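See below for the structure under consideration.
The values are calculated or read from the model by the stated rules, or taken from the named source; none is laboratory data. This is a predicted model, so every value here is computed, not measured. Cβ atoms come from the backbone with ideal geometry, glycine included; neighbour counts cover every protein chain shown.
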Amino acid sequence: MSTCTKCDEEAVITREYEGRSLCEKHFSIDINKKIKRTIRKHNLVESGDTIAVGLSGGKDSAVMLEQLVEIFGERPDVEIVAIAVHEGIDPYRDESIGAAEELCEQLDVRLEVGRYEDYYDLKMDDVADTGELGNCTYCGIIRRDLLNKLSREVDANKLAIGHNLDDEAQAIMMNHLKGNMQKLARMGAMSDSDTHEMFVPRIKPLLDVREKEIALYSRLHDLGVIDRCPHVQEGSLRPMVKSFLNKLEAQMPGTKNKIVSHGRDLSDIVDESIDWENNVDEIQECERCGEPCSNDVCRKCQLLEDIRSD
């Protein structure tokens, strides 16, 4: 068993992409430093912010909330509120929402839970595998809408999501494969804040932390549940890209970091080359639900209509 590069204690992780090993203490310190560095570098949190933390009860969001409370919990000028979405996936989501409630009680953080059933009169258990599009497409668009609604309801001016380095690498690859240059240009630690006043900007404090390291930290500190939605479809693009990148990383350590680093450089180049004024549809309000969108009817309302007509 290897020992920590910084002390003589037994290591809990060996980072092949860095060539060093860390014990539990120094690994935990390093994770905290990475998150602080990301927040500071991209100016993700400012005095006067109310941060809505998208909390699923899973490992990523649980670690994110714990770290944000650790970093900002004593500051009177920053408020942290947790929000969670129950998609109507039983008992999978019941367990993770229960874990979210427990964590918020431990950290003394207010939690607001929004349910698909209350807002949209549907449950994903009833929708799964019934539509023409993949389950994650339906759920992702509806979930995004509800997270934005909940963020406004708690008067948050920013929404923190548990998007990690692996997620970023996958998103970069997927946008390349789809040829979606606009999405590639808009990638980064924080979403645009000026697209529409009803959009709550999203921040990604875990952007520079690997998924496996988040899982290890959560296990060492007993945070969250290791969750896997039963409605995930393996044939969809993201699981395939994830599997491909994991294989590359196993053969060539550091691949994911390089993809994210080069992706950010490319994002800046693409951003400068796009004529945003003439190439992006004007944001307006959906004529059915009033949420901001680029068409007369938002994508979420279109999907809800498709679901109910089947």
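Structural remarks
- Looking at VAL232, VAL209, just one residue is of a type in the set (Val, Ile, Thr), outside any helix (DSSP H, G or I) and buried (at least 18 other Cβ atoms within 10 Å of the Cβ), and that residue is VAL209.
- Among residues of the stretch 61-117, those that are more than 15 Å from VAL225 (Cβ to Cβ) and within 18 Å of the chain's Cα centre (by Cα), counted: 13
- Sole exception among (1) assigned to a helix (DSSP H, G or I); (2) in contact with a Lys or Arg (Cβ under 8 Å, 6 or more places away or on another chain) for ALA52, by number: (1)
- Residue pairs whose Cβ atoms lie under 6 Å apart, sitting 6 or more positions apart in sequence or on different chains, and linking a residue in the stretch 17-31 that is closer than 22 Å to ILE71 by Cα to a partner that is part of a helix (DSSP H, G or I) and modelled with pLDDT of 95 or more, are GLU24/LEU220; ILE31/TYR217.
- Residues in the stretch 114-129 that are of a type in the set (D, E, K, R) and either part of a helix (DSSP H, G or I) or modelled with pLDDT under 85 (or both): GLU117, ASP118, ASP125, ASP126, ASP129.
- The set of residues in the stretch 76-93 that are modelled with pLDDT under 95 and in a loop (DSSP other than H, G, I, E, B) comprises GLU87, GLY88, ILE89, ASP90, PRO91.
- Subset of the stretch 1-58 [modelled with pLDDT of 95 or more, among the polar types (S, T, N, Q) and within 30 Å of ASP155 (Cβ to Cβ)]: ASN32, THR38, ASN43, SER47, THR50
- Filter pass, MET240 being in a helix (DSSP H, G or I), out of contact with any Cys (no Cβ under 6 Å at 6 or more places or on another chain) and in contact (Cβ under 8 Å) with a residue 60 or more places away in the chain: no
- Pair list, Cβ under 7 Å, 6 or more apart: the stretch 283-308 residue farther than 17 Å from LYS149 by Cβ, other residue assigned to a loop (DSSP other than H, G, I, E, B) and small (Gly, Ala, Ser): ASP306/GLY131; ILE307/GLY131
- Selection count where residues are of a type outside the set (A, V, I, L, M, F, W, C) and at pLDDT below 85, scope the stretch 296-310: 4
- Filter result (among the charged types (D, E, K, R), assigned to a strand (DSSP E or B) and under 28 Å from the mean Cα position of the chain (by Cα)) within the stretch 1-19: ARG15
- The selection criterion, being without any contact (Cβ under 8 Å) to a residue 40 or more places away in the chain, buried (at least 16 other Cβ atoms within 10 Å of the Cβ) and not hydroxyl-bearing (Ser, Thr, Tyr), holds for GLY88.
- Between GLU10, GLU16, the distinction of being farther than 30 Å from SER151 by Cα, touching a Pro at 6+ places or on another chain (Cβ under 6 Å) and not basic (Lys, Arg) belongs to GLU16 only.
- Verdict on HIS231 being at pLDDT 95 or above, more than 18 Å from the chain's Cα centre (by Cα) and either of a type in the set (S, T, N, Q) or farther than 23 Å from LEU44 by Cα (or both): no
- Scanning the stretch 250-291 for residues that are at pLDDT below 90, β-branched (Val, Ile, Thr) and either within 30 Å of GLU18 (Cβ to Cβ) or touching a Leu at 6+ places or on another chain (Cβ under 9 Å) (or both) yields a total of 2.
- Taking each residue of the stretch 213-224 that is on the phi < 0 side of the Ramachandran plot and among the acidic types (Asp, Glu) and looking for partners that are in a helix (DSSP H, G or I) and surrounded by 19 or more Cβ atoms within 10 Å (Cβ to Cβ) with beta-carbon atoms closer than 8 Å, six or more apart or interchain, yields GLU213/PHE27; GLU213/ILE31.
Let's see how each residue does on (1) part of a helix (DSSP H, G or I); (2) modelled with pLDDT of 95 or more; (3) crowded, with 19+ Cβ neighbours inside 10 Å; (4) in contact with a Pro (Cβ under 8 Å, 6 or more places away or on another chain):
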{"residue": "ILE97", "(1), (2), (3), (4)": "yes, no, yes, no"}
{"residue": "CYS104", "(1), (2), (3), (4)": "yes, yes, yes, no"}
{"residue": "GLU112", "(1), (2), (3), (4)": "no, yes, no, no"}
{"residue": "GLY131", "(1), (2), (3), (4)": "no, no, no, no"}
{"residue": "ARG143", "(1), (2), (3), (4)": "yes, no, yes, no"}
{"residue": "HIS176", "(1), (2), (3), (4)": "yes, no, no, no"}
{"residue": "MET187", "(1), (2), (3), (4)": "no, no, yes, no"}
